[in-house]
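Chemist: Here's a structure for you.
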């Protein structure tokens, strides 16, 4: 395990979940009458993907705590980058209407894909735990 990364990913995942719930409530209440329906949908997409990947970070943290390797570390940082780039660009697009921000969104999407692929690789390539009593997974 990379020292402390499990705690870092757990903290960031919990923080992103907290912020996601807050942004979701903000979108549902404060922005509902302020944004055009298509921009509100863009904002909601950002919230939805932030929440999915906040949960993915919590899973990543749990795997890091169990001694999973570098691929899981890559997954965690990729999920964080994806939240910032994908969801962040959608929030900015919805709130500002600056369509040029949309070019950032696919970069965040690629970060999410890298995260999921790295997570799968990390779980797949990690050594299996012993099935002896007391070592049950």
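FYI, it's all coordinate maths here, none of it is from the lab. The structure presented is a predicted model; accordingly, all values stated were derived computationally and were not measured. So basically every Cβ, Gly included, is an ideal-geometry build from the backbone, and we count neighbours across all protein chains shown.
Chemist: Quick one: 44, 36, fewest Cβ neighbours within 10 Å first, how do they rank?
Modeler: By the 10 Å Cβ count, ascending: 36, 44.
Chemist: Which length gain, in nm to one decimal place, applies between residue 32 and residue 19 when the Cα-Cα distance is subtracted from 0.36 nm times their residue separation? Show your work: numbers first, answer last.
Modeler: Working: separation 13, 0.36 × 13 = 4.68 nm, distance 1.82 nm.
Extra length from residue 32 to residue 19 when fully extended: 2.9 nm.
Chemist: Using the count of nearby Cβ atoms within 10 Å as a rough guide to exposure, how do 73, 63 rank from fewest to most? If you can, show how the numbers build up before the last one.
Modeler: Numbers: 73 20, 63 23.
In increasing order of surrounding Cβ atoms, one gets 73, 63.
Chemist: The list (1) 1.09; (2) 1.04; (3) 0.92 gives values of Rg/Rh (Cα atoms, Kirkwood Rh), and only one came from this structure; which label was calculated from it?
Modeler: (1)
Chemist: With each run of n ≥ 4 DSSP H residues scored as -39500 (n - 2.57), what mean residue ellipticity at 222 nm is computed for the chain after dividing by its residue count and rounding to the nearest 500 deg cm²/dmol? Each step should come with its number before you reach the end.
Modeler: Values: 5 runs with 97 residues, N = 137.
My calculation for the chain gives -24500 deg cm²/dmol from helical runs alone.
Chemist: Now for a separate question. Once label points are set 7 Å from the Cα along Cα→Cβ at both residue 116 and residue 84, what is their separation, rounded to one decimal in nm?
Modeler: 2.2 nm
Chemist: How many nm is it between the label spots at residue 48 and residue 107, if each spot is 7 Å from the Cα in line with the beta carbon?
Modeler: Roughly 2.4 nm, to one decimal.
Chemist: Of 45, 99, 105, 125, how do they rank once you tally other Cβ atoms within 10 Å and put the fewest first?
Modeler: Ranking 45, 99, 105, 125 by Cβ neighbours within 10 Å, fewest first, gives 99, 125, 45, 105.
Chemist: Another one. Please determine, in degrees from 0 to 90 and to the nearest 10, the orientation of helix 70-82 with respect to the longest principal axis defined by the Cα atoms of the chain, where the helix direction is its Cα long axis.
Modeler: 10 degrees
Chemist: Roughly what angle does helix 37-65 make with the longest principal axis of the chain, taking Cα atoms, 0 to 90 degrees, to the nearest 10?
Modeler: Tilt of helix 37-65: around 10 degrees.
Chemist: Now, a different point. What FRET efficiency comes out for residue 41 versus residue 124 if R0 is 25 angstrom and r is the Cβ-Cβ distance? Round to the nearest 0.05. Mind dumping the intermediate values first?
Modeler: Working: r = 36 Å, r/R0 = 1.42.
The calculated FRET efficiency here is 0.10.
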